[in-house]
Amino acid sequence: MEVKIIPKKTVTLIPPKTKFYVDKDKYQQKRVAAYCRVSTGSEEQMTSYITQKKVYTEMIAANKEWTLAGIYADEGISGTQTKNRAEFNRMIKDCMDGKIDYIITKSVSRFARNTVECLDYVRSLKSRGIGILFEEQNIDTLKTDSELYLVIYAGFAQSESESMSKNVTWAFRKNFEEGKVQYNYSKLVGYRKGPDGKPEIIPEEAEIIRTIFTMYLAGSTTREIIDQLYAMDVPTKCGKQKWGVSTILRILRNEKYCGDAILQKTVTVDCITKTVKKNTGEAPMYYVHNCHEPIVSREMFNRVQEELIRRKSIPAAAQKTAITVQSRYSKYALSEIVHCAECGSRFRRITWRKDGIDEYDDTVVRQTVECVKIHNDGKIEVIFGGGIVIEEKVEFNNKRGRKKRPGKPVSIEEDPDNKDNAEESDLPTVGTSFGRFTLDAFEKSWQAVL
C-alpha cells in the first residue's frame, strides 16, 4: 500500500513595502476658521461678539498645527434661520470650495438654533472631511459618537429659542392691551415721527391721501387714481414713480388715516421658520380709537369702506350670466341704483333702432312703478305712482311668438294667421325695459332736479 505524504502548512510573512514619499498632509498645517454670532445689537452682546473674535484669533495662532483660514462673524442676527446670515453662508461656501479644513465655534446655539438645519450642515461638512468643534459642549463632529450629543444639544438650543419667542409675544400682547401702538413710518404715507415720539402729519403727503379718498368716493377706479397720481408726478413713500393697485387699496383700508389703529393684524405661527400670516382668529385683536391725529374724517373713511364692499360684491364684466347683471364700474350716476319694485332686477339701458337711427324716449319719469299691465292686443301699459302712464305697442312674430322692433302698430286682430294662436305664452315678458322707456329718462330727470 502506497503512503501519501501531505506537505506541512506554512505561513510566510510578507512585510509591507517601505514608503519612499513624504505624507504632506501629516506635516501641513490645518486651515481652521472660527464662527461667531450674536443675536442682538445690545452693548452686552456686542462685548461678547468682540471677545469671541479676539479669543479665536489668539487660539488659532497659538497652535502650530493650525493656520487661520478666517473669522466669520454675524452681528445682531437670529440663529433660527441661515438665509439671512451672510457670513455663515460665506463660510459654508468656502468649505465647499476646499478653503477650510476645520471650524471652531463657541456652542451649538451660536452655530444654529434650528435642529434640522444644524444636522444638515454638520453632515454635509462631515462627508467632505470637515469637522466642527463646539467648545462649550466639547463636541467634535469628526468623532463617531458626536451626532447623538449634537442632536440633544441642538434640541435644547431650539427649545430655548421657542421659549424666548413666547416671552416676546407675551410682552407685545401686554402692550396691545394697554393700547400702545407701533408705527412703521417708512411705509406709512402722510405721517412721520414727531419730537414727542407720536405721529406727526406731513402736509404734502396728507394732501395725497385726501385726494385718493376723494377720488375713490367720486367713482374713480384704482387705475384712474394711479394715472392721476402719475400725472401729478407724485412719488410713492419708497421714491418710486409708479403706484401699485395694492398700495392704493391698503391706503383706503388703513384705519390709521382716520386716527384709529388695529393691533395684532398678523400672527407668527412658527418662530423657527418665521412664518407670519394674517390674523383670522388665531389671536385677539385690539382696536384703539383716537390714538393720533387723523388725516381724513371718520365719516369719509366709513363711506370708503362701504364703497369698497359694494364694488367687491358686484360681479365683474367677465362674470356676466344674465342680461340684468351690470359691470363693476359705470360712468352713469344711476347705474345699479334703480331696481324693479316687483322682482328686484336692475334697470338697464336699451337702445331701439328705427331706420338706422338710435331713439330714446324723452319722457321724464321719477315716480316708482305701481303696476305693469300686459294686454292681449300686444299693448304694454306702465302705471307710475305719480299718475303717469306709458303705453307701448308691441308686434308679435306669428311663428315664434317673439317681440319685433317697434314700427307700425299692428294688433293681433289684423294678423289672421296669429289670431287663433294668441295665448298668454305668446305675449311679451316684462323684462328690464318697456319699449323705448329706458334708464336715460331717469337720469335726465335726476340731472334736472340737481
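The values are calculated or read from the model by the stated rules, or taken from the named source; none is laboratory data. Keep in mind that what you see is a predicted model, and the values were worked out from it rather than measured. Every residue, glycine among them, receives a Cβ derived from its backbone with ideal geometry; neighbour counts consider all protein chains shown.
Taking the criterion of being of a type in the set (S, T, N, Q) and within 18 Å of Ser186 (Cβ to Cβ), would at least one residue in the stretch 218-239 satisfy it?
The first filter runs over the stretch 218-239 and keeps only residues of a type in the set (S, T, N, Q), leaving 220-222, 228, 236.
The next check asks that each one be within 18 Å of Ser186 (Cβ to Cβ); those that pass are 236.
Checked the stretch 218-239: at least one residue is of a type in the set (S, T, N, Q) and within 18 Å of Ser186 (Cβ to Cβ).
Can you go through Ile130, Ile100 and tell me which one is touching a Cys at 6+ places or on another chain (Cβ under 6 Å), in contact (Cβ under 8 Å) with a residue 12 or more places away in the chain, of a type outside the set (Gly, Ala, Ser) and under 23 Å from Ala86 (Cβ atoms)?
Working: Ile100 fails: touching a Cys at 6+ places or on another chain (Cβ under 6 Å).
Of Ile130, Ile100, the one residue that is touching a Cys at 6+ places or on another chain (Cβ under 6 Å), in contact (Cβ under 8 Å) with a residue 12 or more places away in the chain, of a type outside the set (Gly, Ala, Ser) and under 23 Å from Ala86 (Cβ atoms) is Ile130.
Yes/no matrix, rows are residues, columns are (1) out of contact with any Leu (no Cβ under 8 Å at 6 or more places or on another chain); (2) over 30 Å from Ser161 (Cβ atoms); (3) charged (D, E, K, R):
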site: Gly194; (1), (2), (3): yes, yes, no
site: Glu200; (1), (2), (3): yes, yes, yes
site: Pro203; (1), (2), (3): yes, yes, no
site: Tyr216; (1), (2), (3): no, yes, no
site: Lys237; (1), (2), (3): no, yes, yes
site: Thr266; (1), (2), (3): yes, no, no
site: Asp270; (1), (2), (3): yes, no, yes
site: Thr273; (1), (2), (3): yes, no, no
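Give all pairs with beta carbons closer than 9 Å in which a residue from the stretch 79-92 that is under 14 Å from Ser161 (Cβ atoms) and without any contact (Cβ under 8 Å) to a residue 60 or more places away in the chain meets a residue that is surrounded by fewer than 17 Cβ atoms within 10 Å (Cβ to Cβ) and not β-branched (Val, Ile, Thr); count only pairs at least 6 apart in sequence or on separate chains.
Going by the 9 Å Cβ cut-off, the qualifying pairs are Thr82/Asn89.
Return the total of residues in the stretch 223-259 being closer than 24 Å to Tyr183 by Cβ, among the polar types (S, T, N, Q) and exposed (fewer than 12 other Cβ atoms within 10 Å of the Cβ).
Selection size over the stretch 223-259: 1.
Just to be sure, is Val189 closer than 28 Å to Thr268 by Cβ, β-branched (Val, Ile, Thr) and modelled with pLDDT of 90 or more?
On the way: closer than 28 Å to Thr268 by Cβ: yes; β-branched (Val, Ile, Thr): yes; modelled with pLDDT of 90 or more: yes.
Against the criterion (closer than 28 Å to Thr268 by Cβ, β-branched (Val, Ile, Thr) and modelled with pLDDT of 90 or more), Val189 qualifies.
Mind checking whether some residue in the stretch 166-177 is of a type in the set (Asp, Glu), farther than 24 Å from Ser78 by Cβ and surrounded by fewer than 15 Cβ atoms within 10 Å (Cβ to Cβ)?
Of all residues in the stretch 166-177, those of a type in the set (Asp, Glu) come to 177.
Checking the rest, the ones that are also farther than 24 Å from Ser78 by Cβ come to 177.
Still in the running and surrounded by fewer than 15 Cβ atoms within 10 Å (Cβ to Cβ): 177.
So far as the stretch 166-177 goes, yes, one or more of its residues are of a type in the set (Asp, Glu), farther than 24 Å from Ser78 by Cβ and surrounded by fewer than 15 Cβ atoms within 10 Å (Cβ to Cβ).
Among the numbered criteria (1) more than 22 Å from the chain's Cα centre (by Cα); (2) loosely packed, with under 11 Cβ neighbours inside 10 Å; (3) at positive phi, which one does Gly219 miss?
So the condition that Gly219 fails would be (2).
Scan the stretch 174-190 and give yes if some residue there is of a type in the set (Asp, Glu), touching a Ser or Thr at 6+ places or on another chain (Cβ under 8 Å) and in a helix (DSSP H, G or I), otherwise no.
Start the filter on the stretch 174-190 by keeping residues that are of a type in the set (Asp, Glu), which leaves 177-178.
Retained after the next criterion (residues that are touching a Ser or Thr at 6+ places or on another chain (Cβ under 8 Å)): none.
No, the stretch 174-190 contains no residue that is of a type in the set (Asp, Glu), touching a Ser or Thr at 6+ places or on another chain (Cβ under 8 Å) and in a helix (DSSP H, G or I).
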